């Protein structure tokens, strides 16, 4: 049986996944830190525990959400959606309100994939609603 690891913010446990799920998540954290050029505020994992820095994590979550919203590359969107949903669950559990549409960001602006466009989303509201739904569903499987 796998041990659990703990993602804590202060005295509050946000998530305690198995070692396997935690290992995959932390690998993805590194990937998105590099992609965004920002620290996540998560970790390091030491003795099966890591702290999440609230302010750094909020900045990372906001930047990740903005990055995900701007991509129109179908494969990048599919690959990143689960990680984004996981980060949204952690943010919600931490009481962090993410910026779904930061000021000054156009609905159609930003990074565009040119090789494989994603299916068009009918509206910014529909995109946000779908991602919120995915995050809520995923949260049910993330032990706290």
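The values are calculated or read from the model by the stated rules, or taken from the named source; none is laboratory data. Fair warning: this is a prediction, and the values are worked out from it, not measured in the lab. We place every Cβ from the backbone using ideal geometry, glycine too, and count neighbours over all the protein chains shown.
Can you pull out every residue in segment 3-34 that is more than 15 Å from residue 142 (Cα to Cα) and in a loop (DSSP other than H, G, I, E, B)?
Within segment 3-34, 10, 11 qualify.
Kindly indicate which of 113, 109, 125, 104 is more than 27 Å from residue 16 (Cβ to Cβ), touching a strand residue (DSSP E or B) at 6+ places or on another chain (Cβ under 6 Å) and either modelled with pLDDT under 85 or part of a loop (DSSP other than H, G, I, E, B) (or both). Walk me through it before giving the result.
Working: 109 fails: touching a strand residue (DSSP E or B) at 6+ places or on another chain (Cβ under 6 Å); 125 fails: touching a strand residue (DSSP E or B) at 6+ places or on another chain (Cβ under 6 Å); 104 fails: touching a strand residue (DSSP E or B) at 6+ places or on another chain (Cβ under 6 Å).
Only one candidate qualifies: 113.
Based on what the data block shows, is residue 77 over 22 Å from residue 3 (Cα atoms), crowded, with 17+ Cβ neighbours inside 10 Å and modelled with pLDDT under 95?
Considered against the rule, which asks whether it is over 22 Å from residue 3 (Cα atoms), crowded, with 17+ Cβ neighbours inside 10 Å and modelled with pLDDT under 95, residue 77 comes out as yes.
What are the residue pairs meeting all of these: first residue in segment 80-105, first residue on the phi > 0 side of the Ramachandran plot and surrounded by fewer than 18 Cβ atoms within 10 Å (Cβ to Cβ), second residue in a helix (DSSP H, G or I) and modelled with pLDDT of 95 or more, Cβ atoms under 9 Å, and 6 or more apart or on different chains?
Every condition considered, the pairs that remain are 95/54.
Would you please name the residue that is farthest from residue 76 (Cα to Cα), looking only at residues in segment 16-30 that are without any contact (Cβ under 8 Å) to a residue 12 or more places away in the chain and surrounded by fewer than 17 Cβ atoms within 10 Å (Cβ to Cβ)?
Filtering first and then ranking leaves 23.
Could you tell me whether segment 56-78 includes any residue that is out of contact with any helix residue (DSSP H, G or I) (no Cβ under 6 Å at 6 or more places or on another chain) and farther than 23 Å from residue 134 by Cα?
yes
How many of the residues in segment 35-64 are assigned to a strand (DSSP E or B) and under 10 Å from the mean Cα position of the chain (by Cα)? Full working, then the answer.
Residues of segment 35-64 that are assigned to a strand (DSSP E or B), as a first pass: 42, 46, 49-52.
Next, only the ones that are under 10 Å from the mean Cα position of the chain (by Cα) stay: none.
The total comes to 0.
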